[in-house]
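> The structure under discussion is supplied below as structure tokens; questions concerning it will follow.
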Amino acid sequence: MELQNRSQSPRLWTPWTGAAIFALVATLTFQSTAQAQVSFASTDDVDVTYAADVASIIQDNCQDCHRAGGIAPMELIDYEDVKLYAPLIKVKVANRLMPPYYYDNDVGIQELKHDWRLSQEDINTVVAWVDQGAPLGNPDDMPPPVELLDTDDWSLSAEFGPPDLLAPSTPIDVPAAGLDLWHSPIVKIQGMPEGQERCIKALQVKPRGEAKTVVHHANSTFQLLQDDGSFQGTGDRATEYAMGKLGEIIPDGVCRVMPADAYIRWDIHMYPGGLGATAVNDVIEGNVVDLGIWLHPADYE
């Protein structure tokens, strides 16, 4: 079974000291290898320009995050934007730190769906372009701008339309400064047919508006209302969110069950003042995190 997990954000691990030392050595070795590869490639005599060679790489791999309202720290939409950060882009790309998809390039399955890693050819192209002074080239060679979804839209709506079900968290104000906050409301799933189990097609968690600047991660689990008014978990997680994750698509032919008459329990971690480059350092009023769920037809098998 192949699960398509669309994610831009890596999972962070905290290994024991011995493993950490080993990982550090391995990382330095890998980065040295990458730098050696791109250094060799960048000495090629072929002229590389932004318009003809680099713009399409930036469009396909960077602009979804590096734009107004995105989760990344700077905009990389126009040539002037990209040239300003060209030296930094070279370092991040050469060391495979961007796009942020930290998958082992030497061990395990390498043919992945929705693979965010740049090819070595693309890495060499970007590095050669920076080494040659980051020239624009002929503007007529520039690819047309890509059409990006609004940052408040559902990322999976282009494939599936609007979600069939919604489970928004209850609103909470997040202060401009202070300690980490946790919010764990239980909410009714909006639009769920009563008394029916259904097969889930896809799920996505999306903080609303400026909420994405303070929501670090959010877990959601299915809950059932008991006769005494309490809730009991089904043992099934609906999904999880970390900054940058786009969603999950369940493979064809698989039924991931949505329990009948289920509620959602949220477990949301928020950071007052904002997270990293997306920080707004202001009060976020009415912070809400939405869960969108797409369903298969009732007769799906």
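> Since Ala36 meets every condition but one in (1) modelled with pLDDT under 75; (2) open to solvent by less than 50 Å² (accessible area, probe 1.4 Å), which condition does it not meet?
The failed condition is (2).
> What's the number of the condition Trp129 fails, among (1) in contact with a Phe, Trp or Tyr (Cβ under 7 Å, 6 or more places away or on another chain); (2) open to solvent by less than 70 Å² (accessible area, probe 1.4 Å); (3) at pLDDT below 95?
(3)
> Restricting to the stretch 226-239, and then to whatever is over 16 Å from Asp164 (Cβ atoms) and among the polar types (S, T, N, Q), can you tell me which residue is surrounded by the most Cβ atoms within 10 Å (Cβ to Cβ)?
The selected residue is Thr234.
> Which condition from (1) within 30 Å of Ala298 (Cβ to Cβ); (2) β-branched (Val, Ile, Thr); (3) open to solvent by less than 30 Å² (accessible area, probe 1.4 Å) is the one that Val215 breaks?
The one condition Val215 does not meet is (1).
> May I ask you to list pairs of residues, at least six apart or on different chains, whose Cβ atoms are under 7 Å apart, with the first in the stretch 60-82 being among the aromatic types (Phe, Trp, Tyr) and the second being part of a loop (DSSP other than H, G, I, E, B) and open to solvent by 30 Å² or more (accessible area, probe 1.4 Å)?
Tyr79/Leu136
> Taking Pro143 as the residue in question, decide whether it is open to solvent by less than 50 Å² (accessible area, probe 1.4 Å), modelled with pLDDT of 90 or more, of a type outside the set (Phe, Trp, Tyr) and farther than 23 Å from Ser56 by Cβ.
In short, no.
> Restricting the stretch 171-186 to residues that are closer than 28 Å to Ile250 by Cα and open to solvent by 40 Å² or more (accessible area, probe 1.4 Å), which is nearest to the chain's Cα centre (by Cα)?
The initial filter retains those residues of the stretch 171-186 that are closer than 28 Å to Ile250 by Cα, namely 183-186.
Subsequent filtering for residues that are open to solvent by 40 Å² or more (accessible area, probe 1.4 Å) retains 184, 186.
On the way: Ser184: 23, Ile186: 25 Å.
So, considering only residues that are closer than 28 Å to Ile250 by Cα and open to solvent by 40 Å² or more (accessible area, probe 1.4 Å), the one nearest to the chain's Cα centre (by Cα) is Ser184.
> Additional query: If you check Gly209, Gly195, which single one turns out to be more than 21 Å from the chain's Cα centre (by Cα) and not aromatic (Phe, Trp, Tyr)?
Gly195
Residues are listed down the side, and each one gets a yes or a no for (1) open to solvent by 50 Å² or more (accessible area, probe 1.4 Å); (2) over 21 Å from Pro163 (Cβ atoms):
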{"site": "Lys188", "(1), (2)": "yes, no"}
{"site": "Cys199", "(1), (2)": "no, no"}
{"site": "Arg208", "(1), (2)": "yes, no"}
{"site": "Thr221", "(1), (2)": "no, no"}
{"site": "Leu224", "(1), (2)": "yes, yes"}
{"site": "Tyr241", "(1), (2)": "no, no"}
{"site": "Glu248", "(1), (2)": "no, no"}
{"site": "Val254", "(1), (2)": "no, no"}
{"site": "Ala262", "(1), (2)": "no, no"}
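> For the stretch 105-155, which residues satisfy the criterion of being touching a Pro at 6+ places or on another chain (Cβ under 8 Å) and of a type outside the set (Val, Ile, Thr)?
In the first step, residues of the stretch 105-155 are kept if they are touching a Pro at 6+ places or on another chain (Cβ under 8 Å); the result is 116-118, 129-130, 154.
Within the stretch 105-155, Trp116, Arg117, Leu118, Trp129, Trp154 qualify.
The values are calculated or read from the model by the stated rules, or taken from the named source; none is laboratory data. The model shown is predicted, which means the values in this text are computed figures rather than measured ones. Every residue, glycine among them, receives a Cβ derived from its backbone with ideal geometry; neighbour counts consider all protein chains shown. All accessible areas refer to the heavy atoms of the entire protein, side chains included, with ligands and DNA or RNA removed. Shrake-Rupley method; radii C 1.70, N 1.55, O 1.52, S 1.80 Å.
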